[in-house]
Amino acid sequence: MYNVLMIPKSNIGKLLEFDRGQLNDGGYMHGYLLGCSDNWTFIHFVPREIFIHGYLIIRNDTIKRYCINSFYHKALTKLGQKPVSPGKIDLTDIKTIFMSTIKLFTLINPCRELLKKDKCWIGGLADVCDKTVSLKLISTNARYDGILKIRSSDITRIGFDGHYERALWALASQQTKERITSR
């Protein structure tokens, strides 16, 4: 197990800048802290273009350090953008994260950045247990694309309610929506 950085709950509501080392992807990650647990950090994501854009849950052992970013916060305040908590996301473990997220959002985007940094999958939750997560995939052309099972321990980041997920859902046919949301 990695040495895990603990982010104090006193930072909830603040805009933080995260150094994720090899996962930085051209710059640090930014977001308003909405929640944290021993293993996961939940943010309202702010990309480099400085606008609020969906939600991310980041595995804590991928965060090397963090700091408060007042520049981004001041810019967003001037632009009239504020973080919004989507509701209760339970960060206890991977199973509770997925179960509580799917109650609020249809499409989830788990990433295995340490294995496949430039690859992600988007879909509805088919099943989740302690060791695996299964998704009912939606393709890049908004069609049902089968089921994918991935190891829970490989997931380093979970995204949802971003512009891309919203666009896929808006373009999906009724048949695709029914296949993805059926239990």
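Scanning region 66-82 for residues that are within 21 Å of Gly27 (Cα to Cα), of a type in the set (Gly, Ala, Ser) and open to solvent by 30 Å² or more (accessible area, probe 1.4 Å) yields one hit, Ser70.
Every condition in (1) more than 13 Å from the chain's Cα centre (by Cα); (2) among the aromatic types (Phe, Trp, Tyr); (3) closer than 27 Å to Arg166 by Cα holds for Tyr32 except the one numbered (1). The test for being in a strand (DSSP E or B), among the β-branched types (Val, Ile, Thr) and touching a residue at least 60 places away in the same chain (Cβ under 8 Å) holds for Ile158.
The number of residues in region 83-101 that are open to solvent by 30 Å² or more (accessible area, probe 1.4 Å) and either free of Cβ contacts under 8 Å to residues at least 12 places away in the same chain or not in a loop (DSSP other than H, G, I, E, B) (or both) comes to 4. Residues of region 53-65 being within 19 Å of Met6 (Cβ to Cβ) and either surrounded by 19 or more Cβ atoms within 10 Å (Cβ to Cβ) or among the polar types (S, T, N, Q) (or both), which ones? Result: Leu56, Ile57, Ile58, Arg59, Asn60, Thr62, Ile63.
The residue that is farthest from the chain's Cα centre (by Cα), counting only those in region 135-149 that are buried (at least 16 other Cβ atoms within 10 Å of the Cβ) and under 22 Å from Lys117 (Cβ atoms), is Asp145.
Just so you know, in region 102-134 the residues that are modelled with pLDDT under 95 and more than 16 Å from Arg59 (Cα to Cα) include one that is most open to solvent (accessible area, probe 1.4 Å), and it is Asp118. Among the strands (runs of 3 or more DSSP E) confined to region 11-73, the ones with at least 1 residues that are under 18 Å from Leu104 (Cα atoms), of a type in the set (Phe, Trp, Tyr) and out of contact with any helix residue (DSSP H, G or I) (no Cβ under 6 Å at 6 or more places or on another chain) are located at 40-46, 55-59. A count restricted to region 151-178 and to residues that are crowded, with 17+ Cβ neighbours inside 10 Å and not polar (S, T, N, Q) stands at 11.
Got a number for residues in region 35-68 being in contact (Cβ under 8 Å) with a residue 40 or more places away in the chain and more than 22 Å from Tyr164 (Cα to Cα)? Number of matching residues: 14.
The values are calculated or read from the model by the stated rules, or taken from the named source; none is laboratory data. Here the structure is a predicted model, which is why all the values come from computation and not from measurement. Here Cβ is always computed from backbone atoms with ideal geometry, including for glycine, and neighbour counts include all displayed protein chains. Heavy atoms of the whole protein, side chains included, go into the accessibility calculation; ligands, DNA and RNA do not. Shrake-Rupley method; radii C 1.70, N 1.55, O 1.52, S 1.80 Å.
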